[in-house]
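First comes the structure, then the notes that go with it.
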Amino acid sequence: MLKQRIFWHDTVDMPSDKDLPPLPDRVGVAVIGSGFTGLAAARTLAQRGTRVAVLEAETIGWGASSRNGGMALTGLKLPMQTVIKKYGRGLAKRLFQCSLDSIDTVEQIVRDEKIDCGFARTGHLLAANKPKHFDALKDEAEFMAKEFNHNVRLVPPGEMQSEIGSDAYHGALVDEVSGGLNPAQFVAGLARAAENAGATLHARARVTNLTRGEKRFVVETERGTLEAESVFVATAGYTGPTTKSLQKKIIPIGSFIIATEKLPDDLARELSPKNRMIFDTKHYLNYFRLWDGRMIFGGRAAFFPENENTIATSAEILRREMVTVYPQLRDARVEYVWGGTLDFAFDMMTHVGEEAGMFYALGYAGHGVAMGTYLGKTVAEAMLAGNIKEHPFAQFDFPSAPLGLYDGRPWFLPFAGMWHKILDWVE
Ligand SMILES: Cc1cc2nc3c(=O)[nH]c(=O)nc-3n(C[C@H](O)[C@H](O)[C@H](O)COP(=O)(O)OP(=O)(O)OC[C@H]3O[C@@H](n4cnc5c(N)ncnc54)[C@H](O)[C@@H]3O)c2cc1C
C-alpha cells in the first residue's frame, strides 16, 4: 500500500523547521498561514515597510500550496455565465479580469524574484466527458468571446490527437492564457522573497487564540504570544477553530494526486503533445499534466481531507481513472500519492474582506495557485490603502451554511460525494 509522499517536495528544498527564529513581540501585521496567500501578502506588506510575521502551524508552505496540480488557470470555479447571472455584467467582468491579472501576477513575481519553478504559459485543455458536454463548451466559447472578449479555441472530437493521446473525450476547449508551474518550487521561492523583503517566517507557530484589545490583537501561538495591529487569515482549507466565524463558512474538501515514474520521452509527448494543464467536465473531476516526464494525475477521489485511508483508496481510484484516460499507462509504476485540502465557500466563490481588523482571503475552490498569489498581494495593498471594501471580491456576501447547519465539521461530505457521482451519471 502506497503511503503519502509528495512528489513536488522531492524537487526542492522546502523551508526547514530547524533553527526557528524567536517570535517578535509586536508587529504591524500577523499573517496566519504560509501558503501562496500568506506569503504573497507578507512580501507585499514587507516591501511597503510594514513589520510582518508569518505564523504557520506546520512548516512553511506545508498546506495546499505545495501539494497542488500547479495549474494557474483563467476564470473562477463557477462558470462565468453563472457569475453574470448572480452578480451582473459589471462585477463579473471585474472578477474575470482579476483571474487574468492573477496569472500575470504569478508571472511577474516569478520573474522579479527569479523563482525557478518552471512557470510556462502552456495553456489549459478542458476535455468533454460526453458529447453533450462538448455542445456546452461550444456555447461557452461563444459566450466568452462575446461577453468577455476572451478567445478560447474549440477542439472538435476528430482533432483531439493533436492535444491529447487519449480517446476518452468528445472534444475540448483550449485556453492559451493559462499556465503551469511546480507549486512547491513556487511556494519555496515566495517564502524566500517574503523574507528578503523583510518579513519573518515562523514555522511550528500554530495560532491558538486571537483576542482583540483596544488597539491591537493579542495573538497566542504554540511558541509564544505577540501583538499585532492587524491580522491576515490565509488558512484556506485548514481554517480552524481559532477563527471560528470563518471556519463556519469554509468546507474543507480533500483532493488527491498520484505521480508516475518518469516515462519515456516519446510516450510523454504522445500523452500531452503541448504540455497542457488538462481537466475534464465531470463534477467528480480529474485534472492532470506532465512534469519532467511524469504524469501527475489528480482528482477528487475521496471527499474527506487527507488521511491514511483516503490517501490509500485515492491512489487506487486515481490509477484506475488514469488508465481509463490513458490505457498506455497500464504498466506505468505509480511512485507517489498525496492529498491536500481545498477550501470551498457555500456559494463556491472566493471571498475577501475584514471582520473587526481581521482580514481574510478564502474559498479558492481549487483555483488558488494564481488567485491565492493575487489576492494575497491585492488584499495586502487594500489593507495598506484602507479600501478593502472596494476590492472586487468583497462586493458580495460571504454566506454561512443554509439554516446554520454547520460548525466547521463537514458531516454532509459523504452525501455531497454521492450527489456529485449521481450528477456525473445523469448530466
Ligand atoms: C491536491 C490539490 C490540487 C490542487 N490543484 C490546484 C491547481 O492545479 N490549480 C489551482 O489553482 N489550485 C489548486 N489547488 C488549490 C490550491 O492549492 C489552493 O487554493 C491554494 O494553495 C491555497 O493557498 P493558501 O495560501 O490560501 O492556503 P494553504 O496553502 O492551504 O495554506 C494554509 C496554511 O495555513 C496553516 N494554518 C491553518 N491554521 C493555522 C493556525 N491556526 N495557525 C497557523 N497556521 C495555520 C496551514 O498549516 C497551512 O499551511 C489544489 C489543491 C489541492 C489540495
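The values are calculated or read from the model by the stated rules, or taken from the named source; none is laboratory data. Not measured: the values here are computed from a predicted model. Neighbour counts run over all protein chains shown; Cβ positions are idealised from the backbone, glycine included. Calculation scope for accessible area: heavy atoms of the full protein, side chains included, ligands and nucleic acids excluded. Shrake-Rupley method; radii C 1.70, N 1.55, O 1.52, S 1.80 Å.
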Unmet requirement for Leu342, which otherwise passes all of (1) surrounded by 18 or more Cβ atoms within 10 Å (Cβ to Cβ); (2) modelled with pLDDT under 95; (3) not in a strand (DSSP E or B): (3)
Here is a check on your reading of the model: is Met358 over 23 Å from Asn307 (Cβ atoms), in contact with a Gly (Cβ under 7 Å, 6 or more places away or on another chain) and more than 12 Å from the ligand (Cβ to nearest atom)? no
Just one of the numbered conditions (1) out of contact with any Pro (no Cβ under 6 Å at 6 or more places or on another chain); (2) buried (at least 20 other Cβ atoms within 10 Å of the Cβ); (3) in a helix (DSSP H, G or I); (4) in contact (Cβ under 8 Å) with a residue 40 or more places away in the chain is not true of Met160; which one? (4)
Sort out which residues of the range 213-240 are more than 8 Å from the ligand (Cβ to nearest atom) and within 19 Å of Tyr364 (Cα to Cα), and write them in order of number. Phe232, Val233
Say whether the condition of being surrounded by 21 or more Cβ atoms within 10 Å (Cβ to Cβ), assigned to a strand (DSSP E or B) and out of contact with any Lys or Arg (no Cβ under 8 Å at 6 or more places or on another chain) is met by at least one residue in the range 254-268. no
Checking Lys93, Lys85 in turn, the sole residue that is in contact with a helix residue (DSSP H, G or I) (Cβ under 8 Å, 6 or more places away or on another chain) and more than 9 Å from the ligand (Cβ to nearest atom) turns out to be Lys93
Inspect all residues belonging to the range 60-74 and state whether any of them is within 11 Å of the ligand (Cβ to nearest atom), open to solvent by 50 Å² or more (accessible area, probe 1.4 Å) and at pLDDT 95 or above. yes
Please enumerate the residues belonging to the range 74-98 that are among the hydroxyl-bearing types (Ser, Thr, Tyr) and farther than 12 Å from Gly179 by Cα. Thr82, Tyr87
Does at least one position in the range 227-240 carry a residue that is among the charged types (D, E, K, R) and under 30 Å from Gly339 (Cα atoms)? no
Every residue from the range 368-393 that is in a loop (DSSP other than H, G, I, E, B) and either open to solvent by less than 30 Å² (accessible area, probe 1.4 Å) or modelled with pLDDT under 95 (or both): His391
Every listed condition ((1) open to solvent by 10 Å² or more (accessible area, probe 1.4 Å); (2) among the hydroxyl-bearing types (Ser, Thr, Tyr); (3) within 22 Å of His367 (Cβ to Cβ)) holds for Ser272 save (1)
If we scan the range 197-206, do we find a residue that is within 11 Å of the ligand (Cβ to nearest atom) and out of contact with any Asp or Glu (no Cβ under 7 Å at 6 or more places or on another chain)? no
Members of the range 275-296 that are crowded, with 16+ Cβ neighbours inside 10 Å and either among the charged types (D, E, K, R) or within 11 Å of the ligand (Cβ to nearest atom) (or both): Arg276, Met277, Ile278, Phe279, Asp280, Lys282, Leu285, Tyr287, Phe288, Arg289, Arg294, Ile296
Consider Leu23 carefully, then state whether it is open to solvent by less than 10 Å² (accessible area, probe 1.4 Å), in contact (Cβ under 8 Å) with a residue 60 or more places away in the chain, within 13 Å of the ligand (Cβ to nearest atom) and more than 19 Å from Met371 (Cα to Cα). no
Give the residues of the range 112-132 that are under 22 Å from Arg276 (Cβ atoms), open to solvent by 30 Å² or more (accessible area, probe 1.4 Å) and out of contact with any strand residue (DSSP E or B) (no Cβ under 7 Å at 6 or more places or on another chain), sorted by residue number. Asp116, Gly118, Lys130, Pro131
Testing Glu355 on (1) over 23 Å from Leu181 (Cβ atoms); (2) acidic (Asp, Glu); (3) open to solvent by less than 20 Å² (accessible area, probe 1.4 Å), one condition comes back false. Which one is that? (3)
